[in-house]
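No value in this document is a laboratory result; all are computed from the given coordinates. What you see is a predicted model; the values in this text were computed from it and never measured.
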Amino acid sequence: MAADHLSTTLQALADPTRRAILARLALGEATVTELAEPFDMSFPAVSKHLKVLERAGLVEQGREAQFRPRRLRPEPLRDLAGWLENYRRFWDESFDRLDAYLKELQQADAANGGKGEKK
């Protein structure tokens, strides 16, 4: 069963090393050697992380003479941000309702002379 693009993106982002690689590539192209420098892992391990990012469409390999620099492809992140936007709206609306309810409680408390409701 083929995974959908969103699932593949989330799976690739689940690892902190891969997120760090993307953060580095957000600054500009880099070779595998440059990307491997800050990590205490083997070169093949970093290459495996890059393959996961490439399969998710988050990274692409360029070609400059004998170099093969990697670069960030932001489209899958844009798709993820669009999906998350629905949940941001949900939380914003929930907080707005909570804020309105708290204001009602404060107004009721002020109307009762600050004594709060008695039951």
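Remarks
- Normalised radius of gyration (Cα atoms, divided by 2.2 N^0.38 Å) for the chain: 1.77.
- A straight line joining the Cα centroids of the range 38-54 and the range 71-109 runs 35 Å.
- Span-like helix criteria (full DSSP H runs; alpha carbon extent of at least 27 Å along the helix axis; mean Kyte-Doolittle hydropathy of at least -1.0) are satisfied in the chain by 75-111.
- The convex hull of the Cα atoms of the range 75-119, projected and averaged over all directions, covers 3.9 nm².
- Shape analysis of the range 5-73 places it in the oblate category; the axes a ≥ b ≥ c from the Cα gyration tensor give an a/c of at least 1.5, with a/b not above b/c.
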